[in-house]
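S.K.: Below you will find the structure I want to go over with you.
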Amino acid sequence: MSSRLRPLDGTEFAALTADVVVPVEQSLVWDAYDRAMPGRRPWKRFAFEVDGRPAAVIALSEYRGRGFRYLWAKHGPVWMCEPTAELERALRAVLVAGVRAVDPGIAFVRLHARHGADDLHELLQSVTYDRTVVVHLDSRSDDELLAGMKKRGRRDLRKGQREHPIEVREETGLTADDFAELYAVLQETAERDGFGIHPASVYTTMLDALGPGAARVFVGRHDGAIESWVIVTVHDAAATAYYAASSAAGRVSDAATQLYWEIIRTLRDEGVRTFDFMGIGSDRAPSLESLTTMKTKFTPEVTAVDGAWDVAVRPLRYAALTRALALKRAGVRAVREAVPTARGALGAARRALGAARRPDAATTAAADENAGEQA
């Protein structure tokens, strides 16, 4: 088997993938977002050819970390045939060799793979997922969509519509000032559920760069107050719930179930074929387990997807980065563990100091009697 990478320009990439569903992150549309984000830029696109025939395409973006650079083929490569372990390893081999020759400063490449291998490493930073929930729309009627939901999903949807109906509107094209209201709900969600979020500019830049055709915003309100919202990407008739948030009130009322239902119906009517909830819990992504119950309301079927992995281009450099990150995380854990202990000691000291300053009970009683006499 002979294999090689052939560089592609935008026109060649579009022609080669005309009959292939390309994730939005691998599409030409995504380049505008990479260009607009500080520390990122589109890098190169390739066709991976085996015995002279294209087997996959891959689009790589360059990311700059603190003191290092890496490439990320987010949701790539896009395969045009069944990606066997042999084909995946062959692609990685020619890619690493090519990157090392073209840009020696790249430390590693991040890409997706179906088969485990000894050259694949868990992500240096970030969280990946290898299971998701995909609802197939395909012009299905409301009754067919409802029949495909779990019993609990139908029950929760009908209960919400009956007892706490929300108004769902598409608010695509909102300004940065408008997004501030949504961002406040995201901050509330992050604090409640214990996860990190980006600065607001990351989300608004994404919306502006991708444009209203590829990045859409749906908001659920009750009595005018935002209870849930979702940013949905749409490309090649495939939609993905990219970012989402719910207020405390929205969590209680389960506003998200009504919101997703209306989004799914809207996209179906527009000819979108699939709706991907983008990740649920698994052994590789235990932090996403809390999302599983909500997302599987809409179908009990779980879809396996290729998770992301790091592939070292400069092994010694990558090993040094791994050690540095491990030390950093150990330091953060030590600080977090030390803070409660220090707070406890400080509280005890303050209590002891307060007790030393307070008169004892007998002195207090005598003082009270003297005060009465003086009065």
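The values are calculated or read from the model by the stated rules, or taken from the named source; none is laboratory data. Only a predicted model underlies this, so the values are computations on that prediction, with no experimental measurement involved. Cβ sites come from the backbone with ideal geometry, for glycine too, and all protein chains shown count toward neighbours. Remember, those area values only see protein heavy atoms, side chains included, never the ligands or the DNA or RNA. Shrake-Rupley method; radii C 1.70, N 1.55, O 1.52, S 1.80 Å.
S.K.: Considering only the range 263-284, state which residues are more than 22 Å from residue 161 (Cβ to Cβ) and in a strand (DSSP E or B).
M.R.: Hits for the range 263-284 are 274, 276.
S.K.: Please enumerate the residues belonging to the range 259-269 that are open to solvent by 10 Å² or more (accessible area, probe 1.4 Å) and touching a residue at least 40 places away in the same chain (Cβ under 8 Å).
M.R.: Of the residues in the range 259-269, the ones open to solvent by 10 Å² or more (accessible area, probe 1.4 Å) are 260-262, 265-266, 268-269.
Scanning the range 259-269 gives 261, 262, 265, 266, 268.
S.K.: Go through (1) closer than 24 Å to residue 30 by Cα; (2) surrounded by 19 or more Cβ atoms within 10 Å (Cβ to Cβ) and name the single condition residue 102 misses.
M.R.: Just one mismatch for residue 102, condition (2).
S.K.: Now for a separate question. Counting just the residues of the range 152-205 that are polar (S, T, N, Q) and at pLDDT below 95, which one comes out least open to solvent (accessible area, probe 1.4 Å)?
M.R.: The selected residue is 189.
S.K.: Are any of the residues in the range 84-98 open to solvent by less than 20 Å² (accessible area, probe 1.4 Å), over 26 Å from residue 325 (Cβ atoms), in a loop (DSSP other than H, G, I, E, B) and in contact with a Leu (Cβ under 9 Å, 6 or more places away or on another chain)?
M.R.: no
S.K.: Residue 298 fails exactly one of the following numbered conditions: (1) in a loop (DSSP other than H, G, I, E, B); (2) open to solvent by 40 Å² or more (accessible area, probe 1.4 Å); (3) not aliphatic (A, V, I, L, M). What is the number of that condition?
M.R.: Every condition holds for residue 298 apart from (2).
S.K.: Something else about it: Can you tell me which residue within the range 252-293, out of those that are among the aromatic types (Phe, Trp, Tyr) and in contact with a helix residue (DSSP H, G or I) (Cβ under 7 Å, 6 or more places away or on another chain), is farthest from residue 135 (Cα to Cα)? Break it down stepwise before answering.
M.R.: Initial filter on the range 252-293 (among the aromatic types (Phe, Trp, Tyr)): 260-261, 275, 277.
Keeping just the survivors that are in contact with a helix residue (DSSP H, G or I) (Cβ under 7 Å, 6 or more places away or on another chain) gives 261, 275, 277.
Values: 261: 11, 275: 5, 277: 8 Å.
By that ranking, first place goes to 261.
S.K.: Does the range 5-25 hold any residues that are more than 30 Å from residue 241 (Cβ to Cβ) and surrounded by 14 or more Cβ atoms within 10 Å (Cβ to Cβ), and which are they?
M.R.: 5, 12
S.K.: Does the range 126-147 include one or more residues that are part of a loop (DSSP other than H, G, I, E, B), open to solvent by less than 20 Å² (accessible area, probe 1.4 Å) and of a type outside the set (Ser, Thr, Tyr)? Before the answer, list the steps.
M.R.: Of the range 126-147, the ones part of a loop (DSSP other than H, G, I, E, B) are 126-130, 133, 137-141.
Still in the list and also open to solvent by less than 20 Å² (accessible area, probe 1.4 Å): 128, 133, 137.
After this cut, where a residue has to be of a type outside the set (Ser, Thr, Tyr) as well, the list is 133, 137.
Taking every residue of the range 126-147 in turn, at least one turns out to be part of a loop (DSSP other than H, G, I, E, B), open to solvent by less than 20 Å² (accessible area, probe 1.4 Å) and of a type outside the set (Ser, Thr, Tyr).
S.K.: Does the range 243-262 contain at least one residue that is part of a loop (DSSP other than H, G, I, E, B) and under 15 Å from the mean Cα position of the chain (by Cα)?
M.R.: In the first step, residues of the range 243-262 are kept if they are part of a loop (DSSP other than H, G, I, E, B); the result is 247, 254.
Pick out the ones that are also under 15 Å from the mean Cα position of the chain (by Cα) and you get none.
No: zero hits.
S.K.: Go through the range 1-60 and give me each residue that's under 22 Å from residue 272 (Cα atoms), out of contact with any helix residue (DSSP H, G or I) (no Cβ under 7 Å at 6 or more places or on another chain) and in a loop (DSSP other than H, G, I, E, B).
M.R.: 17, 18, 19, 20, 21, 22, 23, 27
S.K.: Take the residues in the range 42-76 that are small (Gly, Ala, Ser) and open to solvent by 20 Å² or more (accessible area, probe 1.4 Å); name whichever of them is nearest to the chain's Cα centre (by Cα). Before you say what the answer is, go through the steps one by one.
M.R.: Of the range 42-76, the ones small (Gly, Ala, Ser) are 47, 52, 55-56, 59, 61, 65, 67, 73, 76.
Those left that are additionally open to solvent by 20 Å² or more (accessible area, probe 1.4 Å): 52, 65, 67.
Values: 52: 36, 65: 18, 67: 24 Å.
Selected residue: 65.
S.K.: Could you list all residues from the range 206-239 that are surrounded by fewer than 22 Cβ atoms within 10 Å (Cβ to Cβ) and more than 19 Å from residue 173 (Cβ to Cβ)?
M.R.: Answer for the range 206-239, where residues must be surrounded by fewer than 22 Cβ atoms within 10 Å (Cβ to Cβ) and more than 19 Å from residue 173 (Cβ to Cβ): 222, 223, 224, 225, 236, 237, 238.
This table checks each residue for (1) open to solvent by 10 Å² or more (accessible area, probe 1.4 Å); (2) over 22 Å from residue 74 (Cα atoms); (3) in contact with a Cys (Cβ under 8 Å, 6 or more places away or on another chain).
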| site | (1), (2), (3) |
| --- | --- |
| 255 | no, yes, no |
| 291 | yes, no, no |
| 294 | yes, yes, no |
| 315 | yes, no, no |
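S.K.: Being surrounded by fewer than 12 Cβ atoms within 10 Å (Cβ to Cβ) and in contact with a Phe, Trp or Tyr (Cβ under 7 Å, 6 or more places away or on another chain) is the filter here, so list the residues in the range 26-41 that pass it.
M.R.: 39
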